[in-house]
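Some notes on the structure that comes next.
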Amino acid sequence: MDKKIGIVTIVDYNNYGNRLQNYATQQVLKKVGYEAVTLKNEVVPSRQDKSLFEKIRDKKVTKLPAAVIKKIQYEKNKEIHDLRRECFIGFTNKNIAESDYVISENRMPADLSDRFAYFVTGSDQVWNPRYRYGSSIDFLTFADKEKRVALSPSFGISEIPVKFQPRYIEWLSAFKALSVREEAGANIIKELTGRDAEVLVDPTLLLDKQEWLEIAHEAKGKPKGKYLLTYFLGNISKTDRNWIGQVAKENHLEVVHLADPKDKKSFITGPSEFIDYISSASLVCTDSFHGSIFSILMETPFVVFERTENSKIQIGSRMVTLLKTMHLEGRHFNEVSKQADIFQMDFAHTGEILSREKKRVDDYLTKAFQ
(Lines give C-alpha, C1' and ligand atoms only; values in the text may rest on other atoms or scores of the structure.)
Protein backbone atom coordinates (compact mmCIF):
# COMPACT_ATOMS: atom_id res chain seq x y z
CA MET A 1 0.00 0.00 0.00
CA ASP A 2 2.86 2.40 0.80
CA LYS A 3 3.88 2.59 -2.86
CA LYS A 4 0.53 2.19 -4.61
CA ILE A 5 -1.48 5.00 -6.16
CA GLY A 6 -5.00 4.74 -7.53
CA ILE A 7 -5.67 6.78 -10.66
CA VAL A 8 -9.19 8.07 -11.22
CA THR A 9 -9.87 9.29 -14.74
CA ILE A 10 -12.42 8.85 -17.49
CA VAL A 11 -12.08 5.28 -18.72
CA ASP A 12 -12.95 5.75 -22.38
CA TYR A 13 -12.11 3.13 -25.02
CA ASN A 14 -12.86 5.55 -27.81
CA ASN A 15 -10.71 8.67 -27.46
CA TYR A 16 -6.98 8.80 -28.25
CA GLY A 17 -6.22 11.63 -25.85
CA ASN A 18 -8.00 9.86 -23.02
CA ARG A 19 -6.08 6.61 -23.36
CA LEU A 20 -2.72 8.32 -23.89
CA GLN A 21 -3.07 10.74 -20.96
CA ASN A 22 -4.04 7.75 -18.77
CA TYR A 23 -0.90 5.91 -19.88
CA ALA A 24 1.25 9.02 -19.36
CA THR A 25 -0.09 9.60 -15.84
CA GLN A 26 0.73 6.00 -14.97
CA GLN A 27 4.28 6.34 -16.31
CA VAL A 28 4.88 9.66 -14.55
CA LEU A 29 3.84 8.14 -11.22
CA LYS A 30 6.12 5.18 -11.86
CA LYS A 31 9.03 7.56 -12.39
CA VAL A 32 8.54 9.03 -8.93
CA GLY A 33 8.59 5.56 -7.40
CA TYR A 34 4.97 4.44 -7.22
CA GLU A 35 2.98 1.55 -8.63
CA ALA A 36 -0.06 3.03 -10.36
CA VAL A 37 -3.40 1.33 -10.95
CA THR A 38 -6.27 2.95 -12.84
CA LEU A 39 -9.57 2.39 -11.07
CA LYS A 40 -12.22 1.44 -13.57
CA ASN A 41 -15.28 3.51 -12.77
CA GLU A 42 -18.81 4.38 -13.80
CA VAL A 43 -20.68 7.64 -13.28
CA VAL A 44 -24.44 7.72 -13.72
CA PRO A 45 -26.45 10.95 -13.37
CA SER A 46 -29.37 11.11 -11.01
CA ARG A 47 -32.68 12.00 -12.60
CA GLN A 48 -32.31 15.54 -11.26
CA ASP A 49 -28.76 15.96 -12.48
CA LYS A 50 -29.54 14.39 -15.83
CA SER A 51 -32.19 17.02 -16.40
CA LEU A 52 -29.65 19.72 -15.59
CA PHE A 53 -27.09 17.98 -17.76
CA GLU A 54 -29.49 18.16 -20.66
CA LYS A 55 -29.96 21.86 -20.05
CA ILE A 56 -26.21 22.39 -19.95
CA ARG A 57 -25.83 20.58 -23.22
CA ASP A 58 -28.59 22.80 -24.57
CA LYS A 59 -30.57 19.93 -26.04
CA LYS A 60 -33.55 22.04 -26.92
CA VAL A 61 -36.24 20.78 -29.24
CA THR A 62 -34.66 22.69 -32.11
CA LYS A 63 -31.41 20.80 -31.50
CA LEU A 64 -32.92 17.31 -31.42
CA PRO A 65 -32.79 16.64 -35.16
CA ALA A 66 -28.99 17.01 -35.17
CA ALA A 67 -28.71 14.66 -32.19
CA VAL A 68 -30.95 12.15 -33.92
CA ILE A 69 -28.87 12.37 -37.09
CA LYS A 70 -25.69 11.81 -35.08
CA LYS A 71 -27.23 8.73 -33.47
CA ILE A 72 -28.31 7.37 -36.86
CA GLN A 73 -24.82 7.91 -38.25
CA TYR A 74 -23.29 6.08 -35.29
CA GLU A 75 -25.63 3.11 -35.71
CA LYS A 76 -24.89 3.05 -39.43
CA ASN A 77 -21.19 2.74 -38.67
CA LYS A 78 -21.57 0.62 -35.54
CA GLU A 79 -19.49 -2.25 -36.86
CA ILE A 80 -16.62 0.11 -37.64
CA HIS A 81 -16.89 1.76 -34.22
CA ASP A 82 -16.85 -1.65 -32.55
CA LEU A 83 -13.68 -2.65 -34.41
CA ARG A 84 -12.04 0.62 -33.42
CA ARG A 85 -13.06 0.10 -29.79
CA GLU A 86 -11.34 -3.30 -29.84
CA CYS A 87 -8.11 -1.53 -30.84
CA PHE A 88 -8.44 0.79 -27.84
CA ILE A 89 -9.16 -2.07 -25.45
CA GLY A 90 -6.16 -3.95 -26.83
CA PHE A 91 -3.93 -0.92 -26.22
CA THR A 92 -5.26 -0.57 -22.68
CA ASN A 93 -4.80 -4.24 -21.82
CA LYS A 94 -1.20 -4.10 -23.03
CA ASN A 95 -0.12 -0.77 -21.59
CA ILE A 96 -2.33 0.33 -18.68
CA ALA A 97 -2.75 -1.42 -15.34
CA GLU A 98 -6.45 -1.37 -14.49
CA SER A 99 -8.32 -2.61 -11.43
CA ASP A 100 -10.19 -5.90 -11.74
CA TYR A 101 -13.23 -4.21 -10.20
CA VAL A 102 -15.40 -1.23 -11.13
CA ILE A 103 -16.27 1.53 -8.70
CA SER A 104 -19.27 3.84 -8.74
CA GLU A 105 -20.98 6.05 -6.19
CA ASN A 106 -23.24 3.12 -5.34
CA ARG A 107 -20.58 0.42 -5.58
CA MET A 108 -17.50 1.21 -3.56
CA PRO A 109 -15.25 -1.21 -1.63
CA ALA A 110 -15.43 -0.25 2.04
CA ASP A 111 -11.65 -0.45 2.42
CA LEU A 112 -10.71 1.24 -0.87
CA SER A 113 -9.03 4.20 0.83
CA ASP A 114 -6.81 1.82 2.78
CA ARG A 115 -5.62 -0.03 -0.32
CA PHE A 116 -3.57 2.89 -1.67
CA ALA A 117 -1.10 5.41 -0.32
CA TYR A 118 -2.61 8.15 -2.49
CA PHE A 119 -5.22 8.71 -5.15
CA VAL A 120 -4.69 10.91 -8.21
CA THR A 121 -7.51 12.38 -10.28
CA GLY A 122 -6.89 13.77 -13.76
CA SER A 123 -5.86 14.68 -16.32
CA ASP A 124 -8.89 14.47 -18.58
CA GLN A 125 -12.06 16.56 -18.19
CA VAL A 126 -13.01 14.74 -15.00
CA TRP A 127 -14.46 17.91 -13.48
CA ASN A 128 -16.64 18.78 -16.46
CA PRO A 129 -20.29 18.40 -15.35
CA ARG A 130 -21.32 18.02 -18.97
CA TYR A 131 -19.51 14.69 -19.14
CA ARG A 132 -19.29 13.50 -15.55
CA TYR A 133 -22.41 15.00 -13.94
CA GLY A 134 -20.43 16.33 -10.99
CA SER A 135 -19.61 12.85 -9.73
CA SER A 136 -18.06 12.62 -6.26
CA ILE A 137 -15.77 9.86 -7.55
CA ASP A 138 -13.78 12.36 -9.61
CA PHE A 139 -13.16 14.41 -6.45
CA LEU A 140 -11.90 11.35 -4.55
CA THR A 141 -14.42 11.78 -1.73
CA PHE A 142 -14.09 8.07 -0.91
CA ALA A 143 -10.47 8.63 0.18
CA ASP A 144 -8.92 10.23 3.24
CA LYS A 145 -8.36 13.94 2.60
CA GLU A 146 -4.59 13.58 2.94
CA LYS A 147 -4.62 11.11 0.07
CA ARG A 148 -6.40 13.31 -2.50
CA VAL A 149 -4.16 14.71 -5.24
CA ALA A 150 -5.22 16.39 -8.48
CA LEU A 151 -2.82 16.06 -11.44
CA SER A 152 -3.73 18.41 -14.29
CA PRO A 153 -7.48 17.72 -14.41
CA SER A 154 -9.70 19.90 -16.56
CA PHE A 155 -13.11 21.49 -16.09
CA GLY A 156 -13.53 21.93 -19.84
CA ILE A 157 -15.86 24.91 -19.27
CA SER A 158 -15.29 28.48 -18.12
CA GLU A 159 -17.71 28.46 -15.18
CA ILE A 160 -19.49 25.90 -13.03
CA PRO A 161 -23.31 25.89 -13.21
CA VAL A 162 -24.86 27.19 -9.99
CA LYS A 163 -26.49 23.82 -9.28
CA PHE A 164 -23.09 22.16 -8.94
CA GLN A 165 -21.26 24.91 -7.07
CA PRO A 166 -21.98 23.85 -3.44
CA ARG A 167 -20.61 20.35 -3.95
CA TYR A 168 -17.66 21.59 -6.01
CA ILE A 169 -16.73 24.06 -3.25
CA GLU A 170 -16.88 21.33 -0.60
CA TRP A 171 -14.98 18.74 -2.61
CA LEU A 172 -12.26 21.01 -4.03
CA SER A 173 -11.59 22.45 -0.59
CA ALA A 174 -10.79 18.96 0.73
CA PHE A 175 -7.90 18.20 -1.64
CA LYS A 176 -4.42 17.89 -0.23
CA ALA A 177 -2.88 19.11 -3.50
CA LEU A 178 -4.65 20.98 -6.31
CA SER A 179 -3.52 21.49 -9.88
CA VAL A 180 -5.28 21.98 -13.21
CA ARG A 181 -4.18 21.98 -16.83
CA GLU A 182 -5.56 25.35 -17.93
CA GLU A 183 -5.63 28.86 -16.53
CA ALA A 184 -9.44 29.03 -16.67
CA GLY A 185 -9.55 26.04 -14.30
CA ALA A 186 -7.28 27.79 -11.79
CA ASN A 187 -9.62 30.79 -11.92
CA ILE A 188 -12.64 28.58 -11.20
CA ILE A 189 -10.96 27.07 -8.13
CA LYS A 190 -9.88 30.49 -6.87
CA GLU A 191 -13.39 31.89 -7.25
CA LEU A 192 -15.05 28.90 -5.60
CA THR A 193 -12.63 28.14 -2.78
CA GLY A 194 -10.09 30.93 -2.53
CA ARG A 195 -7.33 28.36 -3.07
CA ASP A 196 -4.51 28.74 -5.58
CA ALA A 197 -4.15 25.77 -7.92
CA GLU A 198 -1.02 25.23 -9.95
CA VAL A 199 -1.42 25.16 -13.72
CA LEU A 200 0.53 22.13 -14.92
CA VAL A 201 0.91 20.67 -18.39
CA ASP A 202 -0.98 17.60 -19.52
CA PRO A 203 0.91 14.43 -18.50
CA THR A 204 1.35 13.41 -22.14
CA LEU A 205 3.92 16.23 -22.41
CA LEU A 206 5.95 14.70 -19.58
CA LEU A 207 7.12 11.76 -21.71
CA ASP A 208 9.61 12.51 -24.49
CA LYS A 209 9.41 11.62 -28.15
CA GLN A 210 11.42 8.41 -27.82
CA GLU A 211 9.28 7.17 -24.95
CA TRP A 212 6.16 7.58 -27.08
CA LEU A 213 7.73 5.99 -30.15
CA GLU A 214 8.50 2.92 -28.05
CA ILE A 215 4.78 2.14 -27.83
CA ALA A 216 3.93 3.37 -31.35
CA HIS A 217 2.97 0.98 -34.16
CA GLU A 218 2.64 1.62 -37.86
CA ALA A 219 -0.94 1.39 -39.03
CA LYS A 220 -1.67 -1.12 -41.78
CA GLY A 221 -3.60 1.43 -43.80
CA LYS A 222 -1.07 4.25 -43.57
CA PRO A 223 -0.16 5.74 -46.98
CA LYS A 224 3.16 4.74 -48.47
CA GLY A 225 3.80 8.28 -49.66
CA LYS A 226 3.55 11.68 -48.03
CA TYR A 227 0.24 12.68 -46.47
CA LEU A 228 -1.65 15.41 -44.65
CA LEU A 229 -3.39 14.15 -41.51
CA THR A 230 -6.65 15.62 -40.22
CA TYR A 231 -7.88 14.88 -36.71
CA PHE A 232 -11.06 16.81 -35.93
CA LEU A 233 -13.35 16.01 -33.02
CA GLY A 234 -15.82 18.68 -34.15
CA ASN A 235 -17.14 19.27 -37.64
CA ILE A 236 -14.82 20.54 -40.37
CA SER A 237 -16.30 23.71 -41.84
CA LYS A 238 -16.54 24.04 -45.60
CA THR A 239 -13.98 26.85 -45.56
CA ASP A 240 -11.48 24.82 -43.54
CA ARG A 241 -12.05 21.72 -45.68
CA ASN A 242 -11.42 23.69 -48.87
CA TRP A 243 -8.21 25.17 -47.44
CA ILE A 244 -6.95 21.75 -46.37
CA GLY A 245 -7.77 20.30 -49.77
CA GLN A 246 -5.93 23.10 -51.54
CA VAL A 247 -2.82 22.68 -49.38
CA ALA A 248 -2.81 18.94 -50.02
CA LYS A 249 -3.24 19.41 -53.76
CA GLU A 250 -0.51 22.02 -54.07
CA ASN A 251 1.95 19.87 -52.12
CA HIS A 252 0.99 16.50 -53.61
CA LEU A 253 -0.18 15.07 -50.30
CA GLU A 254 -2.74 12.36 -49.73
CA VAL A 255 -5.36 13.41 -47.16
CA VAL A 256 -6.01 11.03 -44.26
CA HIS A 257 -9.03 11.73 -42.03
CA LEU A 258 -8.24 9.96 -38.77
CA ALA A 259 -11.54 10.63 -37.01
CA ASP A 260 -13.88 10.06 -39.93
CA PRO A 261 -15.59 6.62 -40.15
CA LYS A 262 -15.79 7.13 -43.93
CA ASP A 263 -11.99 6.80 -43.98
CA LYS A 264 -12.33 3.25 -42.68
CA LYS A 265 -8.75 2.04 -43.02
CA SER A 266 -7.41 4.87 -40.84
CA PHE A 267 -10.42 5.08 -38.50
CA ILE A 268 -9.98 1.52 -37.25
CA THR A 269 -6.71 2.20 -35.44
CA GLY A 270 -5.72 2.44 -31.81
CA PRO A 271 -3.64 4.89 -29.75
CA SER A 272 -0.31 3.31 -30.75
CA GLU A 273 -1.12 3.91 -34.42
CA PHE A 274 -2.30 7.44 -33.60
CA ILE A 275 1.22 8.29 -32.44
CA ASP A 276 2.74 6.87 -35.62
CA TYR A 277 0.25 8.63 -37.88
CA ILE A 278 1.22 12.00 -36.39
CA SER A 279 4.93 11.22 -36.32
CA SER A 280 4.97 10.34 -40.03
CA ALA A 281 2.67 13.10 -41.35
CA SER A 282 3.89 16.04 -43.40
CA LEU A 283 1.26 18.26 -41.76
CA VAL A 284 -1.40 17.78 -39.07
CA CYS A 285 -4.62 19.78 -39.20
CA THR A 286 -6.60 19.48 -35.98
CA ASP A 287 -9.04 20.99 -33.50
CA SER A 288 -7.89 18.49 -30.88
CA PHE A 289 -5.91 19.29 -27.74
CA HIS A 290 -4.01 16.01 -27.87
CA GLY A 291 -3.71 16.19 -31.65
CA SER A 292 -1.74 19.40 -31.04
CA ILE A 293 0.25 17.94 -28.14
CA PHE A 294 1.47 14.94 -30.10
CA SER A 295 2.33 17.12 -33.08
CA ILE A 296 4.57 19.10 -30.72
CA LEU A 297 6.08 15.95 -29.22
CA MET A 298 6.70 14.38 -32.64
CA GLU A 299 7.91 17.74 -34.00
CA THR A 300 5.42 17.55 -36.86
CA PRO A 301 4.17 20.82 -38.39
CA PHE A 302 0.55 21.40 -37.38
CA VAL A 303 -2.33 23.84 -37.69
CA VAL A 304 -4.91 24.41 -34.95
CA PHE A 305 -8.48 25.06 -36.06
CA GLU A 306 -11.42 26.31 -34.02
CA ARG A 307 -13.66 23.55 -32.66
CA THR A 308 -17.09 23.67 -34.28
CA GLU A 309 -19.84 22.15 -32.14
CA ASN A 310 -23.57 22.76 -32.04
CA SER A 311 -23.19 25.71 -34.41
CA LYS A 312 -20.86 27.44 -31.91
CA ILE A 313 -17.21 28.06 -32.69
CA GLN A 314 -14.74 27.98 -29.84
CA ILE A 315 -11.14 27.27 -28.98
CA GLY A 316 -10.88 25.97 -25.44
CA SER A 317 -8.85 27.50 -22.63
CA ARG A 318 -6.73 24.35 -22.50
CA MET A 319 -5.67 24.88 -26.13
CA VAL A 320 -4.94 28.56 -25.52
CA THR A 321 -2.87 27.64 -22.45
CA LEU A 322 -1.01 24.91 -24.38
CA LEU A 323 -0.02 27.15 -27.29
CA LYS A 324 0.91 29.97 -24.92
CA THR A 325 3.04 27.69 -22.74
CA MET A 326 4.87 26.28 -25.76
CA HIS A 327 5.26 29.69 -27.44
CA LEU A 328 3.40 28.41 -30.49
CA GLU A 329 0.48 30.83 -30.67
CA GLY A 330 1.32 31.36 -34.34
CA ARG A 331 0.09 27.85 -35.23
CA HIS A 332 -3.54 28.88 -35.05
CA PHE A 333 -5.17 28.75 -38.48
CA ASN A 334 -5.79 32.50 -38.52
CA GLU A 335 -2.04 33.06 -38.31
CA VAL A 336 -0.76 30.08 -40.30
CA SER A 337 -2.98 30.85 -43.30
CA LYS A 338 -1.07 34.10 -43.75
CA GLN A 339 2.32 32.41 -43.91
CA ALA A 340 4.17 31.70 -47.12
CA ASP A 341 5.41 28.28 -45.98
CA ILE A 342 3.11 26.59 -43.51
CA PHE A 343 5.41 23.56 -43.30
CA GLN A 344 8.21 25.51 -41.65
CA MET A 345 8.12 25.11 -37.87
CA ASP A 346 10.83 25.70 -35.32
CA PHE A 347 10.68 23.24 -32.41
CA ALA A 348 14.15 24.11 -31.11
CA HIS A 349 12.79 25.95 -28.09
CA THR A 350 10.21 23.36 -26.99
CA GLY A 351 12.70 21.01 -25.34
CA GLU A 352 13.76 23.62 -22.80
CA ILE A 353 10.14 24.52 -22.05
CA LEU A 354 9.19 20.88 -21.52
CA SER A 355 12.17 20.32 -19.22
CA ARG A 356 11.06 23.26 -17.11
CA GLU A 357 7.46 22.02 -17.00
CA LYS A 358 8.58 18.49 -16.06
CA LYS A 359 10.49 19.90 -13.10
CA ARG A 360 7.41 21.84 -11.99
CA VAL A 361 5.37 18.62 -12.03
CA ASP A 362 8.11 16.70 -10.21
CA ASP A 363 8.25 19.37 -7.50
CA TYR A 364 4.46 19.37 -7.22
CA LEU A 365 4.25 15.59 -6.85
CA THR A 366 7.15 15.45 -4.39
CA LYS A 367 5.34 17.89 -2.15
CA ALA A 368 1.96 16.20 -2.64
CA PHE A 369 3.31 12.78 -1.69
CA GLN A 370 4.92 13.88 1.57
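The values are calculated or read from the model by the stated rules, or taken from the named source; none is laboratory data. Keep in mind it's a predicted model, so treat the numbers as computed, not measured. Don't worry about glycine lacking a Cβ; one is built from the backbone with ideal geometry, like all the others, and counts go over all protein chains shown. The protein model used for the area step is the full one, side chains on, heavy atoms only, and it has no ligands, DNA or RNA in it. Shrake-Rupley method; radii C 1.70, N 1.55, O 1.52, S 1.80 Å.
Structure notes:
- Checklist (1) under 16 Å from F289 (Cα atoms); (2) out of contact with any Leu (no Cβ under 8 Å at 6 or more places or on another chain); (3) in contact (Cβ under 8 Å) with a residue 24 or more places away in the chain applied to H332, failing item: (2)
- Of all residues in the stretch 223-239, those satisfying the criterion of being within 24 Å of the chain's Cα centre (by Cα), open to solvent by 20 Å² or more (accessible area, probe 1.4 Å) and not hydrophobic (A, V, I, L, M, F, W, C) are N235, S237.
- Residue in the stretch 91-102 that is of a type outside the set (V, I, T), touching a helix residue (DSSP H, G or I) at 6+ places or on another chain (Cβ under 8 Å) and modelled with pLDDT under 95 present: no
- Single residue of A197, A216, A186 found to be of a type outside the set (K, R) and within 24 Å of C87 (Cβ to Cβ): A216
- Strands (runs of 3 or more DSSP E) contained in the stretch 273-370 and holding at least 3 residues open to solvent by 10 Å² or more (accessible area, probe 1.4 Å): 307-309, 312-314
- Within the stretch 260-271, being closer than 15 Å to Y13 by Cβ and surrounded by fewer than 21 Cβ atoms within 10 Å (Cβ to Cβ) holds for one residue alone: F267.
- Out of G194, G234, sole residue that is of a type outside the set (F, W, Y) and touching a strand residue (DSSP E or B) at 6+ places or on another chain (Cβ under 6 Å): G234
- The stretch 160-176, subset aliphatic (A, V, I, L, M) and open to solvent by less than 40 Å² (accessible area, probe 1.4 Å), residue farthest from Q370 (Cα to Cα): I160
- If the condition is being surrounded by 15 or more Cβ atoms within 10 Å (Cβ to Cβ) and either among the acidic types (D, E) or at positive phi (or both), then the stretch 106-145 contributes G122, D124, Y133, G134, D138, L140.
- Cβ-Cβ distances below 8 Å connect the following pairs, each with a first residue in the stretch 161-190 that is among the small types (G, A, S), a second residue that is in a helix (DSSP H, G or I) and open to solvent by 60 Å² or more (accessible area, probe 1.4 Å), and a separation of six or more residues or different chains: A174/K145; A177/K367.
- Sole residue being more than 22 Å from K3 (Cα to Cα) and either loosely packed, with under 13 Cβ neighbours inside 10 Å or within 23 Å of the chain's Cα centre (by Cα) (or both), chosen from I96, I89, I103: I89
- Taking the stretch 127-229 and the helices (runs of 4 or more DSSP H) fully enclosed by it, the elements with 2 or more residues that are modelled with pLDDT of 95 or more are at 165-173, 183-193, 209-213.
- Residue check for N242: within 29 Å of E335 (Cβ to Cβ), open to solvent by 10 Å² or more (accessible area, probe 1.4 Å) and part of a loop (DSSP other than H, G, I, E, B): no
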